[in-house]
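The values are calculated or read from the model by the stated rules, or taken from the named source; none is laboratory data. Please read these numbers as outputs of a predicted model, since none were measured by experiment. Backbone-built Cβ (ideal geometry, glycine too); neighbour counts: all protein chains shown. Quick note on the areas: whole protein, heavy atoms, side chains included, nothing else; ligands and nucleic acids left out. Shrake-Rupley method; radii C 1.70, N 1.55, O 1.52, S 1.80 Å.
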Amino acid sequence: MAYTRKDVSTLTPTERRRLVDALLEVKRRGEYDEFVRTHIAYYTSDGEAGLRTAHMAPSFLPWHRRFLLDLEGALRRVDPSVTVPYWDWTRNREATSVPWTDDLLGGTGRLSDRRVTSGPFAHSGGKWTLKVNVTDEAFLTRDLGRPHAPLELPTRTDLGQALDETVYDTPPWNSTSRDGFRNRLEGWGSGRGSASWRNHNRVHRWVGGSMMGGASVNDPVFWMVHAFVDLQWTRWQRLHPGARYLPAEAPGPGDSQHGRVVARHGKLPPWDVTPDELEDVSRTYQYV
Amino acid sequence: MRGVFASAVTAALTPLVTASSRPAPARSSGQSSHPASERAAAPRAHRPPESPAHRQDTEYPHATAYAQDLAFDEMYRGRRIIGFRTLAGRDADEWYVTVDGRPLHVMRRADGTWLTMVDHYRSYATPLEAARGAVDEMPPGSRLRDTGHGPWREEGHHGVHP
């Protein structure tokens, strides 16, 4: 029977406590840091050779869908009542309200070093030391809203620009794809100003600190962000019935993307699953 | 010819030693136009022992086979950022960038812009700007970790970095 993923602002105090406790336990067990490591390992940029799976590629959505399911599975092994909630940043847009409250994620980082000093994931609490990181600080950092160079969270309209796209993705299936739902949602633009980074990318940058880099998984908000991203994929499928994951076939030997993207029936590393198999997960979970 | 080149290398590396306490000017790329074969012949013994290039020899031996052209060397927000670009490799745009002596993995985007592991969800026009952007995000006192990526693309690493 399918379980539900909820809007984080609707979680009861008990649900919040159980979610936080499960995260801390997965961390204590050492499993959490494996997720950080995996996310760092699976970043290949599209100006370089090699297979792209997690970012700058059509499989951005199925890869993170499966990644999220793995983490949720780890949480549910600790407490079967727990599911990953989503953060609807189009509605919860303040740095001091949910999910940035002390019973959930805690607040922004302090001015001097962006260190998070409140909530369950503050280093001072002793239960959230960064073990896998791009830089060597052991504490979680945030810079909500980037006060020194303010950034707005994406809006419902920004999401709409992705949801309106009628095809899932378009050649060259990378960060320069102008059209297609995937890159509009992932949020790679051209140009130099902050307006260039949209939706998912912009949210990472709005949170700042640890969420800016390859080790972004160190901030548990990562999962809530990606649950909301994942929810958009489900919404998009409902808005465009019959529209499938693309590319349907692997780009051939003459194509610049040959061997660099995963097609609908290709295996998605590090798993054996295909994007096709991840398109419909309605028997596993539903968003409410 | 070998002696002339050796002294040119030493002259090029002198700012790395003497500028440790004051800002070094950012240099434009391509300051050396020596052909690859001559660069490869430059004896390592001519590098001043305490320069970042020497530490590079001992800490990052893999890099010294390639890093030959100093593209930038500056102090930015209290951190030393250095970028070497190799023109001798398979690819014209192999970069080796360090922040306070530690490698910063820079990656290329398909549109020609650059990003780093520190600032992962946007890109910059040049490796120098990407390095500055990385410094902007590093907490004071923190240093880059060696995540095992290395600054170089290596054969066989397709899509996954160990």
Taking the alpha-carbon centre of each part, the distance from segment A:131-196 to segment A:236-280 in Å is 21 Å
Subtracting the Cα-Cα distance of A:Ser190 and A:Arg77 from 0.36 nm times their residue separation yields 36.5 nm
Under the 7 Å Cα-to-Cβ spin-label approximation, B:Met75 and A:His148 lie apart by a distance in nanometres of 1.8 nm
Across B:131-140, the residue-averaged tally of Cβ atoms belonging to other chains within 10 Å stands at 4
Ordering A:256-268, A:273-285 by per-residue average of other C-beta atoms within 10 angstrom, highest first, gives A:256-268, A:273-285
Here the gain from full extension of A:Arg28 to A:Ser124, 0.36 nm per residue of separation minus their alpha-carbon distance, amounts to 33.0 nm
The simple spin-label model distance between A:Leu239 and A:Asp272, using points 7 Å out along Cα→Cβ, in nm, is 3.6 nm
Excluding residues fewer than 8 positions from A:Lys27 in its own chain, the lysines with Cα under 24 Å of it are A:Lys6, A:Lys127, A:Lys131
Sorting A:Phe67, A:Phe35 on solvent-accessible surface, 1.4 Å probe, most exposed first, gives A:Phe35, A:Phe67
When every protein chain stays in place and a 1.4 Å probe is rolled, A:Ser97, A:Ser175 sorted by accessible area with the largest first are A:Ser97, A:Ser175
Restricting to aspartates and glutamates and to Cα separations under 17 Å from A:Lys267, and discarding same-chain partners fewer than 8 apart, the set is A:Asp70, A:Glu249, A:Asp276, A:Glu277, A:Glu279, A:Asp280
Per the 1/(1 + (r/R0)^6) rule, R0 = 35 Å and r from the Cβ atoms of A:Asp280 and A:Asp102, FRET efficiency to 0.05 is 0.40
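Pull out the extension gain between A:Glu94 and A:Thr38, defined as 0.36 nm times the separation in residues minus the alpha carbon to alpha carbon distance; nm, one decimal.
Between A:Glu94 and A:Thr38, full extension yields 17.1 nm more.
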Non-local residues with an amide H under 5 Å from the amide H of B:Ala71, with H modelled 1.01 Å from N and Pro and chain starts lacking one, are B:Gly83, B:Phe84, B:Arg85
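To the nearest 20 debye, what is the magnitude of the charge dipole of chain A about its Cα centre, counting +1 on the Cβ of each Lys and Arg and -1 on the Cβ of each Asp and Glu?
400 debye
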Hydrodynamic radius by Kirkwood for chain A, inverse mean 1/r across distinct Cα pairs, in Å, is 19.3 Å
Counting other chain Cβ atoms within 10 Å of each Cβ in B:105-112 and taking the mean gives 6
Probe 1.4 Å, all chains present, heavy atoms only: A:Arg198 accessible area in Å², nearest 10, is 100 Å²
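In peptide A:128-134, how many Cβ atoms from other protein chains are near each Cβ within 10 Å, on average? Walk me through the numbers on the way to the answer.
Values: counts 0, 0, 0, 0, 2, 5, 15.
That works out to 3 on average.
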